[in-house]
Amino acid sequence: AKVKDAALRRIRIAAENTFAHNALDLYTDCPSRERAGWLCDSFFTGRAEYFLTGKTSVEDAFLENFRLYRCNGELPKGALPMCYPADIQPYTDGGKWIPQWNLWYILEVCEYLSYRKPNADKELYKNSIYGILKLLAKYENQSGLLQGLPGWNFVEWSTANEWVQDINYPTNFLYSRALFATAKLYSDESLLKKSINIRETCVVESFDGEVFIDNAITGKDGEVHNTRNCSEAGQYYAMLFGELDLNSPQYSKLIEYLHNSFSSFDAKDRTFVPVNAFIGLYLRLWLLMELGERKLLAQNLKDFFAAMVNATST
């Protein structure tokens, strides 16, 4: 459809340019910088490819690379690399795989097989998906939440990424959604029950009556206690994946903060960090789409992307 708003039209054209630069034969982060197809990035690029072209040619190849990956001991059994085939680094330095990006792989594959490529053989992806879930299940605590995850834990490029231990609620909301997507794709009732339990536990444990807290840590008493760390990105993980009734009065302040981009949020005794470009901003844009906030979405797009477009046309 033709975009009437001139600024949005330029953004649309720039988006097409950027996609073309980064999707010649494989999704890349930046073609002049690294030859790498990153998970999580690809969740959004896969949507973009199908929206712009009606096809999945590049995503087919991208996902096949990860599906065919075979671990030779460089990562924990079941883990997928953070990007592949460009970057495989030893796990011995304490990281080099991203648990959250493995969960985004599951979300992308489930969406790809359900909507963009429904005739593809879903059994081809089952081992990779269940391998990830089997690995992560080792880190579930008594409540079913992931706790003490190894690797390079990544929520977004902000201070929120310093709050990933011991229990990170954005990660657990994401985990719940990955379990739910897998349960739907493979008709797995046990995963559906686990997903619901994790989601409901996250809401109860992390919502402080106004916003969602990012993490809990083990104290000297050996008990797990919520911090007062609160990221804007964390709110979007909860709102997208928490199955919240956002019309409920208990979330009225949260919706108010959403509408004003959290500019009026008074952190008080909390440590608060605003959203960064990736992944938080993209979660915000996605959420605004889901809520039908078209005017606010359009303004956010212009506020963030217009200067880039005017400078580089990308």
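Which whole-number percent is the relative contact order of the range 192-252 (Cα, under 8 Å, 6+ apart)? Walk me through the numbers before you get to the answer.
Values: 53 pairs, mean separation 18.8, N = 61.
For the range 192-252, the relative contact order is 31 percent.
Hey, which of these cross-link pairs are over 23 Å Cα-Cα: LYS96/LYS138; LYS220/LYS253; LYS77/LYS138; LYS55/LYS295; LYS4/LYS55; LYS134/LYS184?
Details: LYS96/LYS138 19 Å; LYS220/LYS253 33 Å; LYS77/LYS138 12 Å; LYS55/LYS295 29 Å; LYS4/LYS55 26 Å; LYS134/LYS184 17 Å.
Check vs 23 Å cut-off fails for LYS220/LYS253; LYS55/LYS295; LYS4/LYS55.
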Name the residue farthest towards the positive end of the dipole of the range 241-314 from the options VAL309, PHE265, LEU287, assuming +1 on Cβ of Lys and Arg, -1 on Cβ of Asp and Glu, about the Cα centre. VAL309
Taking a ≥ b ≥ c as the square roots of the eigenvalues of the Cα gyration tensor of the range 168-314, is the shape rounded (a/c under 1.5), prolate (a/b larger than b/c) or oblate? oblate
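With charges only on Cβ, +1 for K and R and -1 for D and E, what is the dipole size of the chain about its Cα centre, in debye, rounded to 20?
On the way: 33 positive and 39 negative charges, 168 e Å.
I would put it at about 800 debye.
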Estimated dipole of the range 156-211 in Debye, rounded to 20 [Cβ of Lys and Arg +1, of Asp and Glu -1, Cα centre]: 380
What is the distance, in nm, between label points placed 7 Å from the Cα along the Cα-to-Cβ direction at LYS220 and at LEU124? 5.7
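So how do 39-46, 183-190, 125-132 stack up, highest first, on mean other-Cβ count within 10 Å? Spell out each step's value before the answer.
Details: 39-46: 22.8, 183-190: 13.6, 125-132: 18.1.
The peptides rank, most packed first, as 39-46, 125-132, 183-190.
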Which one of ILE217, VAL204, ASN172 is farthest out on the positive end of the charge dipole of the range 141-233, using unit charges on Cβ (Lys, Arg +1; Asp, Glu -1) and the Cα centre as origin? ASN172
Excluding LEU63 itself, what net charge comes from residues whose Cβ is under 10 Å from its Cβ, given Lys and Arg +1 and Asp and Glu -1? -2
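Assign one of three labels to the range 271-314, namely rounded, prolate or oblate, based on the Cα gyration tensor with a ≥ b ≥ c the square roots of its eigenvalues; rounded applies when a/c is under 1.5, prolate when it is not and a/b is larger than b/c, and oblate otherwise. Show your work: numbers first, answer last.
On the way: a/c = 2.29, a/b = 1.23, b/c = 1.85.
Taking the square roots of the gyration eigenvalues as a ≥ b ≥ c, the range 271-314 is oblate.
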For LEU258, the net charge from surrounding residues (Cβ-Cβ under 14 Å; K, R +1; D, E -1) works out to -2
Residue-level accessible surface for GLU111, protein heavy atoms, 1.4 Å, Å²: 30
For every other residue with a beta carbon closer than 14 angstrom to the beta carbon of ALA267, add +1 if it is Lys or Arg and -1 if Asp or Glu, then tell me the sum. -2
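With +1 assigned to the C-beta of every Lys and Arg and -1 to the C-beta of every Asp and Glu, and no other charges, what is the dipole magnitude of the range 1-153 about the Cα centre in debye, to the nearest 20? Walk me through the numbers on the way to the answer.
Working: 19 positive and 18 negative charges, 75 e Å.
Here the size comes out at about 360 debye.
The values are calculated or read from the model by the stated rules, or taken from the named source; none is laboratory data. Given the structure is predicted, the values throughout are model-derived calculations rather than measurements. Backbone-built Cβ (ideal geometry, glycine too); neighbour counts: all protein chains shown. Side chains are part of the model used for accessible areas, which takes the heavy atoms of the whole protein and leaves out ligands, DNA and RNA. Shrake-Rupley method; radii C 1.70, N 1.55, O 1.52, S 1.80 Å.
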